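Read the figures in this text as sums done on the coordinates, not as results from a lab. Small disclaimer: the values here were computed from a predicted structure and weren't measured. No Cβ is skipped: glycine too gets one built from the backbone with ideal geometry, and neighbour counts run over all protein chains shown.
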Amino acid sequence: MINFIVWIIAGALIGWVASLIMRTNKRQGLIADIVVGIVGAFLAGYFLSPLFGVSTINEGNFSIPALLVSLGGAIILLAISKLFRNVGGFLLVLIIILIIYTYFTCWPQESTSAYCVAVRALPFLK
């Protein structure tokens, strides 16, 4: 139970610092700070932990490097949410997701779907 309370407090602190850095503090309250901190730590565990070799607060690690990696995930989450506030940002995120999907599914030569065959046939990718 005490670990859960520390997790909520650390999530609130990380979300609050991330909102100060991204200048979104005026628009969100304590609950949003907690959600941003915890979901940001989840994102960091998925994307940043393999890069830095540090776990996040979601894995029960409350060290300084884990808090910094979780903060990085919260900042990334707020940056993505800022992009979704207008149509251009949404389209940019959609294109980035399509590129990432294409990279992970079509570059291996085993993929024989029509989409991947068409992508590999593009002249500027050869």
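Numbers for the structure displayed
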| item | result |
| --- | --- |
| Karplus (6.51, -1.76, 1.60) ³J(HN,Hα), θ = phi - 60°, over the stretch 28-40, in Hz, Gly and Pro reported as x | 10, x, 5, 5, 5, 4, 5, 5, 4, x, 6, 5, x |
| Helix-only [θ]222 nm of the chain, DSSP H runs n ≥ 4, -39500 (n - 2.57) each, per residue, nearest 500 | -23000 deg cm²/dmol |
| Relative contact order computed over the stretch 11-59 (Cα-Cα under 8 Å; 6+ residues apart), in percent | 40 percent |
| Residues V39, V54, sorted so that the one with the fewest Cβ neighbours within 10 Å comes first | V39, V54 |
| Given (i) 14.0, 44; (ii) 15.9, 57; (iii) 18.3, 59, the label whose value is Rg and Dmax of the Cα atoms in Å derived from this model | (iii) |
| Peptides ranked, highest mean first, by Cβ atoms within 10 Å: ranges 70-83, 4-17 | 70-83, 4-17 |
| Mean separation of Cα contacts under 8 Å (6+ apart) over length of the chain, as relative contact order % | 21 percent |
